[in-house]
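Here, each number is a calculation from the coordinates, and none is a lab measurement. Fair warning: this is a prediction, and the values are worked out from it, not measured in the lab. Note: ideal-geometry Cβ built from the backbone for every residue, glycine included; neighbour counts use all protein chains shown.
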Ligand code: G4P
């Protein structure tokens, strides 16, 4: 998605060979116009899938997830990483280990909102090793809901998550795929020559 790539090149910052900082439009401040366009793009890429729910994980998946759900006219559910005061019973849980943050979270969804027969589109902000997506797939499997696709804003194609999920048969659509990061340099997967320097 060209608009997203431009945003990454203009505002993103490669902090290291593995981490891309995009706090100005995705992970802290959110750009609602970009979010809306991303939601429309995801809806287009998964057209005809008869999606009944969009599922994401707090917190940065909520922006793109909500805009996708709005375009599709279906509810958004976000898995919680922290215990909720009001979410107390009939919970579906899965364990998600973050490779990037070196921490494990138990993620939780109420079985009131993801139900057998649902056709679920999973949306998340980043795809690295794929643990978050796997946890959300596991939650759907536990209630016999079908995962019809996985939409990712930024895929780090140099990590294995995308390949593994596609090998398992999932339709994974990423709006931007990063092939390489170096401090100050971002290279997209489709255009290895298009590296841009940031200082
Ligand atoms: P995985 O889900 O593919 O296995 O990825 P991983 O465990 O490595 O990622 C864990 C968290 O780190 C996720 O956020 C993910 O969005 C974020 N993350 C991973 N790589 C990057 C990166 O290069 N840049 C940025 N900005 N974030 C990255 P989270 O813990 O769910 O946080 P949040 O959604 O509350 O922001």
Compute the separation of the alpha-carbon centres of the stretch 83-155 and the stretch 1-66 and state it in Å as a whole number.
17 Å
Average Cα contact separation per residue, the stretch 79-199, under 8 Å, 6 or more apart, as relative contact order %
18 percent
Highest mean first, what order results for 118-129, 174-185 on Cβ atoms within 10 Å?
118-129, 174-185
Taking the Cα atoms of the chain, what is the range of coordinates along each of the three principal axes, in descending order and whole Å?
50, 36, 33
If R₀ is 35 angstrom, what is the calculated FRET efficiency for the pair residue 146 and residue 85, using the beta carbon separation as r and rounding to 0.05?
0.65
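Could you work out how much longer the chain between residue 21 and residue 2 gets when fully extended? Use 0.36 nm per residue separation minus the Cα distance between them, nm to one decimal.
Length gained, residue 21 through residue 2: 5.0 nm.
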Cα axis of helix 32-45 to longest principal axis of the chain: angle in degrees, 0 to 90, nearest 10?
70 degrees
Measure nothing but the geometry: give the 0 to 90° angle between the long axis through the Cα atoms of 62-72 and the longest principal axis through the Cα atoms of the chain, rounded to 10°.
70 degrees
Please tell me the relative contact order of the stretch 2-190 in percent, rounded to the nearest whole number, where contacts are Cα pairs under 8 Å and at least six residues apart.
21 percent
Give me the angle, in degrees from 0 to 90, between the Cα long axis of helix 131-142 and the longest principal axis of the Cα atoms of the chain, rounded to the nearest 10.
20 degrees
Fully extended contour minus Cα-Cα distance, from residue 73 to residue 111, at 0.36 nm per residue
11.6 nm
Any idea how far apart residue 189 and residue 30 come out in nm if each label point goes 7 Å out from Cα toward Cβ?
2.4 nm
